[in-house]
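**Student:** Before anything else, here's the structure in question.
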Amino acid sequence: MAPVRNYHIDTSFSSLPVAVLFLNGRLDASNCSEVHRVFSEVLRQSTSIVIDCTELEFLDSSGLGAIVSCLRKAIEAGGDLRLSGLSNNVALLFELTKAQRLFSIYNDSTAAVASFNPLKPE
Amino acid sequence: MTAQQLLHRSIPSNQNKLEKARMKTLIIIRENAHSWLRDTFPGQHPLLVRICNKSFLEFLFDFSIIAGAREVRIVSDGDMAEIRDFCHDGGRWGLNISYATIQKSDTITQIHNKNRRFYADERIIVLDNLLFIEFNKNESYTEYLASSHVGMLLSSGQGSVYLDGADQQSILEQCGSSPHISIPELGSLPEYFRLSAEILRQGSRYILPGYSNEDGCYIGRNVVIHKGAEIKKPVIIGNNVQIMPGCVIGPEAVIGSTVIIDRESLVTGSIVMHNTFVGEQLEVKDKIASGNRLMDPATGASLQLVDAHLLSEITAEGAVYEGIFRRLVHVLAALLLFMAQLLPYLFLRPFVGKPVDGGTGHEHKIAQLFNRLSLDRFPQLFRVFSGSLRLIGSQPAVFRYAETEEWPENEMDARIVEQFCTLHSHPFGDIPLLLKALLNRKESKITAS
């Protein structure tokens with residue numbers, strides 16, 4: 001199963017389109033190249049990106065490395081990458097590796113998208 | 001101080017009467033009870049699961065000793081092989097342990113009747129289906145239990161404690177104050193976690209394993225705490241443990257036996273079960289790590305990690321055999337590669353390595369061909385024969401796992417591929433990976449060491 005289900009550009013804030021990328025199933029070394037590829041494509045359209053992990057069941061260190069690499073690319077492009085909907089199991093890996101300190105993590109993608117609203121202070 | 005010594009200290013003035021009023025213990029184990037422990041810590045009998053580095057059964061033995069019992073009978077309606085292997089005759093606790101089986105359908109009266117000869121005319125304390133009993137080793141139980149009336153002492157959903165056998169009220173005067181004794185709630189992982197922290201905090205009430213020069217700090221045998229590691233009380237560390245530089249262990253950390261905590265990792269408010277490796281720069285906070293499994297008692301989440309460099313089970317035998325087998329496969333593959341590359345190497349080598357400026361376009365093409373055929377790695381094959389280098393693997397190796405993929409753009413990407421392949425590789429699986437690396441030489445952006 002491809003780790004990236006789909007993505008869309010949220011235009012709630014006309015001045016700042018936010019891309020929302022949905023992950024599902026398992027994300028590990030065997031399929032993280034797919035995330036790299038899709039993320040590069042998304043980054044060309046928006047530098048404000050949310051990765052929705054609601055349907056992500058399993059993540060290993062390679063998958064985590066891929067997400068951190070995406071964050072690096074987003075920051076280098078002058079934007080940010082925020083996460084939403086981490087399941088308890090996926091959150092465990094973020095806590096263990098201290099990766100949760102690198103990301104802004106929200107309960108759902110709506111909250112994550114809203115956090116990019118330039119008119120609303122976080 | 002051992003439980004035996006404590007018992008001698010606690011024997012009061014009517015010692016002669018107590019010696020006559022000997023106590024025995026009957027431990028009843030029901031196979032289907034405590035199934036949550038079998039699910040949480042598979043492969044172990046529930047009574048042998050450790051809490052604060054000591055099995056539940058040993059805590060029951062401690063209570064028996066403090067209660068004045070020297071003879072213990074363990075009865076079960078299931079397989080007792082594991083229990084027998086662990087306890088033998090009970091000599092190491094100063095106990096005389098015997099075993100008996102019961103039927104699943106047996107009532108408590110039938111169990112008593114079947115063990116009537118063990119009772120004889122003596123007082124008996126029955127620990128029915130219990131995992132743990134709260135007590136205080138500093139209080140006196142012997143006289144209290146010997147002088148109490150026969151009947152139920154404590155009962156809860158977690159099991160019960162009652163007295164049976166001869167009623168010795170006639171020979172002993174009723175003891176004034178009753179010592180602390182209770183059955184804790186223990187039916188789920190959060191309750192196990194809470195009880196473990198409580199035992200550690202109240203360490204002076206129990207007999208915990210390890211050396212203890214100060215309250216709240218119990219250290220086992222063969223524990224290496226490297227310079228720069230910090231240990232914060234209360235903490236208990238098992239036997240054969242390595243704590244690497246920069247680690248912070250505690251407060252309220254339980255580290256089992258045969259554990260390695262790698263550099264700069266933090267373990268606080270957590271339990272690391274025996275035979276567990278915790279990788280570098282990790283944070284285990286309010287969790288239970290058991291082998292490659294990480295559990296969060298607060299949320300009930302449980303994650304089976306596939307990354308051996310993060311969290312893994314420490315095993316010995318399998319790794320040794322696989323290592324020998326892998327080396328054999330690598331040497332044979334290197335021999336085939338050696339035969340295939342020998343003539344091209346001898347033929348092309350004289351034309352390679354000349355200064356580029358002075359060279360012609362023809363020489364440059366030869367150099368390209370030389371690399372594309374992986375002849376630049378040819379001299380390293382001798383190191384595979386000598387056993388000092390793997391043919392393919394994580395760095396250092398003749399060919400890196402990272403060279404099997406086209407996508408890695410930098411060293412971090414390369415390490416991701418290597419970690420995945422290291423975990424999922426098999427000695428025979430290295431052969432197709434080698435062919436992939438050989439065919440991928442044209443595209444490879446990663447260099448071998």
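**Student:** Would you check if B:Leu37 is at pLDDT 90 or above and either surrounded by fewer than 22 Cβ atoms within 10 Å (Cβ to Cβ) or in the same structural domain as B:Met295 (by TED's automatic domain parsing) (or both)?
**Tutor:** Against the criterion (at pLDDT 90 or above and either surrounded by fewer than 22 Cβ atoms within 10 Å (Cβ to Cβ) or in the same structural domain as B:Met295 (by TED's automatic domain parsing) (or both)), B:Leu37 does not qualify.
**Student:** From (1) away from chain B (no Cβ under 14 Å); (2) of a type outside the set (S, T, N, Q); (3) free of Cβ contacts under 8 Å to residues at least 24 places away in the same chain, pick out the condition that doesn't hold for A:Arg37.
**Tutor:** It fails just one condition, (1).
**Student:** Right, B:Glu230: acidic (Asp, Glu), away from chain A (no Cβ under 14 Å) and in contact with a strand residue (DSSP E or B) (Cβ under 7 Å, 6 or more places away or on another chain) or not?
**Tutor:** yes
**Student:** Among the residues of the stretch A:48-68, are any facing chain B (nearest Cβ under 10 Å) and part of a loop (DSSP other than H, G, I, E, B)?
**Tutor:** So far as the stretch A:48-68 goes, yes, one or more of its residues are facing chain B (nearest Cβ under 10 Å) and part of a loop (DSSP other than H, G, I, E, B).
**Student:** With the requirement that a residue be facing another protein chain (nearest Cβ under 7 Å), out of contact with any helix residue (DSSP H, G or I) (no Cβ under 8 Å at 6 or more places or on another chain) and part of a loop (DSSP other than H, G, I, E, B), what does the stretch A:87-106 give you?
**Tutor:** Selection gives A:Lys98 alone.
**Student:** Tell me, which residue of the stretch A:107-120 that is in a loop (DSSP other than H, G, I, E, B) and of a type outside the set (Gly, Ala, Ser) is farthest from the other protein chains (Cβ to nearest Cβ)?
**Tutor:** In this case the residue turns out to be A:Leu119.
**Student:** What tally of residues in the stretch A:24-33 results from selecting those that are more than 10 Å from chain B (Cβ to nearest Cβ) and in a helix (DSSP H, G or I)?
**Tutor:** 0
**Student:** Which residue, of B:Leu438, B:Leu391, is away from chain A (no Cβ under 11 Å), out of contact with any His (no Cβ under 7 Å at 6 or more places or on another chain) and aliphatic (A, V, I, L, M)?
**Tutor:** Matching residue, one of B:Leu438, B:Leu391: B:Leu438.
**Student:** Same structure, new question: Return the residues of the stretch B:108-137 that are within 19 Å of B:His34 (Cα to Cα) and of a type in the set (Val, Ile, Thr); say none if nothing qualifies.
**Tutor:** B:Ile108, B:Val126, B:Ile133
**Student:** Within the stretch B:138-159, identify whether any single residue is at pLDDT 90 or above and buried (at least 17 other Cβ atoms within 10 Å of the Cβ), and answer yes or no.
**Tutor:** Looking through the stretch B:138-159, none of the residues is at pLDDT 90 or above and buried (at least 17 other Cβ atoms within 10 Å of the Cβ).
**Student:** Of the residues that sit in the stretch A:69-78 and are touching a residue at least 12 places away in the same chain (Cβ under 8 Å) and in a helix (DSSP H, G or I), which one is nearest to the other protein chains (Cβ to nearest Cβ)?
**Tutor:** For the stretch A:69-78, the residue satisfying everything is A:Ser69.
**Student:** I'm told A:Arg82 meets every condition in (1) away from every other protein chain (no Cβ under 14 Å); (2) over 23 Å from A:Asn31 (Cα atoms); (3) not hydrophobic (A, V, I, L, M, F, W, C) except one. Can you identify the failing condition by its number?
**Tutor:** Status for A:Arg82: all satisfied but (2).
**Student:** Residues to consider are B:Arg390, B:Arg377, B:Arg349; find the one that is in contact (Cβ under 8 Å) with a residue 60 or more places away in the chain and out of contact with any helix residue (DSSP H, G or I) (no Cβ under 7 Å at 6 or more places or on another chain).
**Tutor:** Of B:Arg390, B:Arg377, B:Arg349, the one residue that is in contact (Cβ under 8 Å) with a residue 60 or more places away in the chain and out of contact with any helix residue (DSSP H, G or I) (no Cβ under 7 Å at 6 or more places or on another chain) is B:Arg377.
**Student:** Go through the stretch B:384-421 and give me each residue that's part of a loop (DSSP other than H, G, I, E, B) and aliphatic (A, V, I, L, M).
**Tutor:** Across the stretch B:384-421, the qualifying residue is only B:Leu389.
**Student:** Also, I was wondering about something else. Which fully enclosed strands (runs of 3 or more DSSP E) of the stretch B:279-348 have 1 or more residues being closer than 27 Å to B:Ile431 by Cβ, within 15 Å of the chain's Cα centre (by Cα) and within 14 Å of another protein chain (Cβ to nearest Cβ)?
**Tutor:** Once the strands (runs of 3 or more DSSP E) in the stretch B:279-348 are filtered for at least 1 residues that are closer than 27 Å to B:Ile431 by Cβ, within 15 Å of the chain's Cα centre (by Cα) and within 14 Å of another protein chain (Cβ to nearest Cβ), what remains is B:311-313.
**Student:** Quick one: which of A:Leu81, A:Leu21 is farther than 25 Å from B:Gln281 by Cα and either assigned to a loop (DSSP other than H, G, I, E, B) or at pLDDT 90 or above (or both)?
**Tutor:** When all the criteria are applied, what remains is A:Leu21.
**Student:** OK, next. Can you confirm whether B:Asp89 is assigned to a loop (DSSP other than H, G, I, E, B) and within 27 Å of B:Thr142 (Cβ to Cβ)?
**Tutor:** Taking the combined requirement at face value, the residue satisfies it.
**Student:** Could you check the stretch B:65-82 and list, in sequence order, the residues that are out of contact with any Leu (no Cβ under 7 Å at 6 or more places or on another chain) and either within 19 Å of B:Leu208 (Cα to Cα) or part of a helix (DSSP H, G or I) (or both)?
**Tutor:** Listed by number, the list holds a single entry, B:Ala81.
**Student:** Quick check: is even one residue across the stretch B:139-147 more than 27 Å from B:Asn32 (Cβ to Cβ), part of a strand (DSSP E or B) and not aliphatic (A, V, I, L, M)?
**Tutor:** Scanning the stretch B:139-147, I find no residue that is more than 27 Å from B:Asn32 (Cβ to Cβ), part of a strand (DSSP E or B) and not aliphatic (A, V, I, L, M), so the answer is no.
The values are calculated or read from the model by the stated rules, or taken from the named source; none is laboratory data. Just so you know, these numbers come straight off a predicted model, no measurement behind them. Reconstructed Cβ throughout: ideal geometry from the backbone, glycine too, with neighbour counts over all protein chains shown.
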